[in-house]
Structures are given as C-alpha cells and as structure tokens.
Amino acid sequence: MSSNAELEAAVRAAIGAHGAWKLKLKTAVSTGRSDTTPATVGRDDQCEFGKWLHGQGIDANTRGGMPYQVVRRLHAEFHQCAGKVLALGLDGKRTEASQLLEGEYTARSEKLVTALSKWRGELQ
C-alpha cells in the first residue's frame, strides 16, 4: 500500500522529470540525434514515473481515484506527443517538429504538470 508521502514524492519527481523533456526534445530536433527512439519515448510506461504509475506499488483505492485516472491519461498523451516530436526531429522535419513542440507538446506538458501539481496538493 502506498503512503501519501510516497505518492507525493513520486509526483514531485515526475513534475521535474517531465519538465526536462522539452530541452531533450529541442536538442534532438536541432541535432537530428537522440539516445532514445520515438517508439520508446512514445510509451508512457518507460520513464521512471510511468514505471511507478503502471507498477504494483499503488493501491487499488488510489488507482480508482480521479487524480490517478486523469494523470495516467494525460501522462500517456504527453508521451505520445513527445514520441511524435522526436520522430519528426529524427526524420529531419525540424520545422514540423518545432511547431509540434511549441504547440501541442507544450500544451500537453502544461496540462500534465497542472494535474500532477493538483494531485500533489491533495496528498499533502
């Protein structure tokens, strides 16, 4: 069973980790190189937070709650969009990748961080 402190720590770490993705994607778009693939980036169960979110450490009551459900959906959408940005960047489609990064990706990232922050606030 997860304690509120464990949940709060995981959510806090996720906010920072997902904030760092924009710089990683900008670098990949500008250089055309990445140390990870679009398929991996596009999956929501490969980052540390995703492994935790999909793992066995979260109790059924938390999984059934609205904050978890919303964060899980937004987290998946965030990763799908990040995967698209990376694919475009690695294909040399820098303009399209940059537009997606500054548009849809930024909006999805902000929604995810807002939901994570709200969930964190409810746990404190």
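The values are calculated or read from the model by the stated rules, or taken from the named source; none is laboratory data. In this text the structure is predicted, and so the values were computed from the model without any measurement. We place every Cβ from the backbone using ideal geometry, glycine too, and count neighbours over all the protein chains shown. Ligands, DNA and RNA are excluded from the accessible area calculation, which covers all protein heavy atoms including side chains. Shrake-Rupley method; radii C 1.70, N 1.55, O 1.52, S 1.80 Å.
In this structure, is residue 90 over 16 Å from the mean Cα position of the chain (by Cα), within 30 Å of residue 6 (Cα to Cα) and surrounded by 14 or more Cβ atoms within 10 Å (Cβ to Cβ)? I'd like the intermediate steps shown before the answer.
On the way: over 16 Å from the mean Cα position of the chain (by Cα): yes; within 30 Å of residue 6 (Cα to Cα): no; surrounded by 14 or more Cβ atoms within 10 Å (Cβ to Cβ): yes.
Here the answer is no, as residue 90 does not meet what is asked.
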Residues of the range 93-107 satisfying the condition of being under 28 Å from residue 118 (Cα atoms) and surrounded by fewer than 14 Cβ atoms within 10 Å (Cβ to Cβ): 102, 103, 106, 107
Among the residues of the range 114-124, the number that are open to solvent by 40 Å² or more (accessible area, probe 1.4 Å) and either part of a helix (DSSP H, G or I) or touching a Lys or Arg at 6+ places or on another chain (Cβ under 9 Å) (or both) is 6
